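The values are calculated or read from the model by the stated rules, or taken from the named source; none is laboratory data. All values reported here derive from a predicted model rather than from experimental measurement. For neighbour counting, all protein chains shown are included, and Cβ atoms are generated from backbone atoms with ideal geometry for every residue, glycine included. To get the accessible areas, we keep the full protein, side chains included, count just its heavy atoms, and leave off ligands, DNA and RNA. Shrake-Rupley method; radii C 1.70, N 1.55, O 1.52, S 1.80 Å.
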Amino acid sequence: MEPMTTNPNEKTMGMLCHLLALTSLVGVPFGNIIGPLVIWLIKKNEMPFVDDQGKESLNFQITVTIILLPAFIVSWILMFVLIGFLLLPLVALAGLAALVFAVIAGIKANEGVAYRYPWSIKFIK
């Protein structure tokens, strides 16, 4: 893939759109959506690369939240009947995959490459 931009500020902001999604790991509720949303809203009109990567990050993080949050809740409830002990590791593995994709996306954005997540629903076009 060819780099989409050579502007260092755009690369940094594009990277932040992806990596700020990791704020949910330090206990910020819905930080995986709020972090990219703030950067995207502030910079989308002046930096096309940030507009593109911000939407990509938001779409992925919204998709992950819609899928993994209910799956985690259901797995936790099902732990009372022991089935949840089998499901919870699968949910955790999917969460780990989402983390890895976000880091890869941040690295690619820092290189100026427009990253596309392997699976996400396009809520924001």
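Here the chain exposes an accessible surface that is 74 percent carbon and sulfur, computed with a 1.4 Å probe and the other protein chains kept in place. Compute the label zone of Ala94 within region 20-56: residues whose backbone N is under 13 Å from the point 7 Å along Cα-to-Cβ. No residue qualifies, since no backbone N sits under 13 Å from the label point.
Taking all protein chains together and a probe of 1.4 Å, list Ser24, Ser75 from the most accessible to the least accessible.
Details: Ser24 50, Ser75 5 Å².
Ranked from most to least accessible, the order is Ser24, Ser75.
3J(HN,Hα) along region 61-77, derived from phi through the Karplus expression 6.51 cos²θ - 1.76 cosθ + 1.60 where θ = phi - 60°, amounts to 5, 5, 4, 4, 5, 5, 8, 7, 4, x, 5, 5, 4, 5, 4, 5, 5 Hz, with x in place of Gly and Pro.
Expressed as a fraction of 2.2 N^0.38 Å, the rule-of-thumb size for a compact globular protein of N residues, what is the C-alpha radius of gyration of region 55-101? Write down the numbers at each step before the final one.
Numbers: Rg = 11.9 Å, N = 47, 2.2 N^0.38 = 9.5 Å.
Taking the Cα Rg and dividing by 2.2 N^0.38 Å, one obtains 1.25.
Taking each residue as 0.36 nm, the span from Val38 to Val103 lengthens on full extension beyond its C-alpha to C-alpha distance by 21.6 nm. A 1.4 Å probe run over the protein chains yields, for the chain, 57 Å² of accessible area per residue, whole-number rounding. Computed over every Cα-Cα pair of the chain and binned at 5 Å starting from 0, the pair-distance distribution P(r) comes out as 2, 12, 21, 22, 17, 10, 7, 4, 3, 1, 0 percent.
Sorting Ile73, Ile124 by solvent-accessible area of protein heavy atoms yields Ile73, Ile124, largest first, with a 1.4 Å probe.
From the helices alone, meaning DSSP H stretches of at least four residues, give me the mean residue ellipticity at 222 nm for the chain, per-run term -39500 (n - 2.57), in deg cm²/dmol to the nearest 500.
Working: 4 runs with 83 residues, N = 125.
Mean residue ellipticity, 222 nm, calculated: -23000 deg cm²/dmol.
So, how do all the Cα-to-Cα distances of region 23-96 break down into 5 Å bins, in percent, from 0 on up? P(r) for region 23-96, in whole percents per bin: 3, 16, 19, 18, 15, 11, 7, 5, 3, 1, 0.
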